[in-house]
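The values are calculated or read from the model by the stated rules, or taken from the named source; none is laboratory data. Note that the coordinates shown come from a computational prediction; the quantities given were computed from them, not determined experimentally. All Cβ positions, glycine included, derive from the backbone under ideal geometry; neighbour counts span all protein chains shown.
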Amino acid sequence: MKKTITIFVVVAMTCLLTWKFVQSDSHEQPASDMDESQVIVAEYKWNDDTHQISLADLNAAIAELPVYRQQNYKSRVDKAEYLEELIEERLKILRAADEGFDKLPEHLKKLDDYTHQLMVEKLTEMEVDAKVIYTTDDLMAHYQGNLGEYIEDEKVRATCITLDDEDLANETLDAIKAGKDIVEMAKEIFEAGKFAANGPGSSDPEDPGNTYFFTKSASARWTEFIEAVFAQEVGEMTDAVFEVDVNDETFYLIFRKEEHQPERQKEFDEVKSDIERTVERSKKRERINEWVAEISEKGKLKTYAENIPTPPQPEEAETEESEQ
C-alpha cells in the first residue's frame with residue numbers, strides 16, 4: 001500500500017497533475033437539444049498537455065460496460081462517481097506511456113496478434129457468415145434424411161411411495177390393499193415427514209408420490225425400479241413391497257404405473273430450431289473449406305512436409321544427451 005501511495009505522490013508532484021470538474025454557469029439545456037460532445041465534465045493536464053472528457057465521452061465509456069454494470073450508472077451522482085474511475089484509468093495510461101510501456105516489444109506483439117484476430121473475424125463474417133444461405137426446404141431435407149435422430153424415447157409415469165422403514169412399508173401396502181388410494185397415502189406419509197428423501201416420487205412437495213414422466217435411462221442408480229415400472233401395465237400396482245439397494249442404503253417402494261407414452265417420431269416444427277443449428281454449422285464448414293481452397297489457390301500455396309525433420313525417439317534423445 002505504501003509503495004502505491006508513493007507512486008501516485010511522485011506522479012502528482014513531478015507531472016504537475018491537476019484535474020477538475022467543470023460546471024457550466026449557464027442554464028441547463030433540455031436533454032434533447034444538448035450537444036454532449038460540447039459539454040465538458042472534466043479536464044486535466046499531463047506534461048503540459050490539456051486533456052478533456054466530454055459528457056459524450058463519459059456516456060460512451062459507460063455504454064461499453066457490461067449491461068449489469070451499466071445499470072449502476074443511471075443517475076447524475078452515479079455518473080459522477082464513474083467519471084472519477086474513468087479519469088483514474090486515463091491517468092494510469094498516461095503514466096504508463098511515460099515509462100515507455102506502450103512501446104514494449106511484448107506488448108506490441110500482443111497488439112498485433114489481437115489486431116490480426118479481429119481482422120480474421122471480420123473477414124470470416126464477410127466470407128462465411130454472410131454467404132451461408134439455407135432455406136426451409138434444406139431444413140426439411142435434413143429432417144427427412146435423419147428421422148432416426150429425432151425420436152422421442154418412450155416414457156412412463158408412476159405414483160411411488162419411497163420409505164426407508166420396512167415395517168412402515170408393509171403397513172402402508174396393507175392399508176392400500178384394504179382400499180386406501182395410493183395417491184392419498186403418499187400425501188399423508190409425506191405430510192408426516194416419513195417419505196424417504198431423494199427417492200422416486202419425493203421431489204415435489206405439492207404432489208408427493210408423482211414421479212412425472214421418465215425414460216429407461218433416467219437414472220443408473222434406480223435401474224431396478226425403472227425396469228419394474230416399464231414392465232407393469234398401466235394401473236397395475238406392486239403386490240409386495242419392492243426392496244432396492246441404492247448407494248449402500250435400502251429403500252422400500254410401493255408404486256403404481258399411471259401412464260405410458262410410447263416412442264414417437266418428433267414433428268418437424270418441434271425440432272426445427274435444432275435442425276437449423278445443425279444445418280447452419282454444416283453449411284459454414286462447407287463454406288470455410290471452399291474459402292480456404294480459394295485463398296490457397298490465389299496464394300499459389302505449396303507445402304513441403306518432407307522437409308520437416310522427424311523428432312528423435314526417446315532412446316535416441318537420451319543417447320545424444322549422454323554423448324554431449
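In table form, for the structure just shown:
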item	result
In the stretch 244-269, residue nearest to Asn146 (Cα to Cα) [restricted to those that are among the charged types (D, E, K, R) and touching a residue at least 12 places away in the same chain (Cβ under 8 Å)]	Lys266
Yes/no for Ala196 being buried (at least 18 other Cβ atoms within 10 Å of the Cβ), of a type outside the set (S, T, N, Q) and free of Cβ contacts under 8 Å to residues at least 60 places away in the same chain	yes
From the options Ala228, Ala220, Ala240, residue that is surrounded by 14 or more Cβ atoms within 10 Å (Cβ to Cβ) and either assigned to a loop (DSSP other than H, G, I, E, B) or touching a strand residue (DSSP E or B) at 6+ places or on another chain (Cβ under 9 Å) (or both)	Ala228
Tabulated pairs, the stretch 280-308, first free of Cβ contacts under 8 Å to residues at least 60 places away in the same chain, second of a type in the set (Val, Ile, Thr) and surrounded by 11 or more Cβ atoms within 10 Å (Cβ to Cβ), C-beta under 8 angstrom, 6+ apart or interchain	none
Matching option when the condition is at pLDDT 95 or above, polar (S, T, N, Q) and in contact with a strand residue (DSSP E or B) (Cβ under 9 Å, 6 or more places away or on another chain), among Thr136, Thr159	Thr159
Residue satisfying all of: in the stretch 136-162; of a type in the set (A, V, I, L, M, F, W, C) and surrounded by fewer than 17 Cβ atoms within 10 Å (Cβ to Cβ); nearest to Thr172 (Cα to Cα) among these	Ile151
Failed item, numbered, when Asn307 is tested on (1) more than 16 Å from Gln144 (Cα to Cα); (2) surrounded by 11 or more Cβ atoms within 10 Å (Cβ to Cβ)	(2)
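Here is a yes/no grid of residues against (1) outside any helix (DSSP H, G or I); (2) within 26 Å of Asp35 (Cβ to Cβ):
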residue	(1), (2)
Thr50	yes, yes
Ala60	no, yes
Lys74	yes, yes
Glu85	no, yes
Ile93	no, no
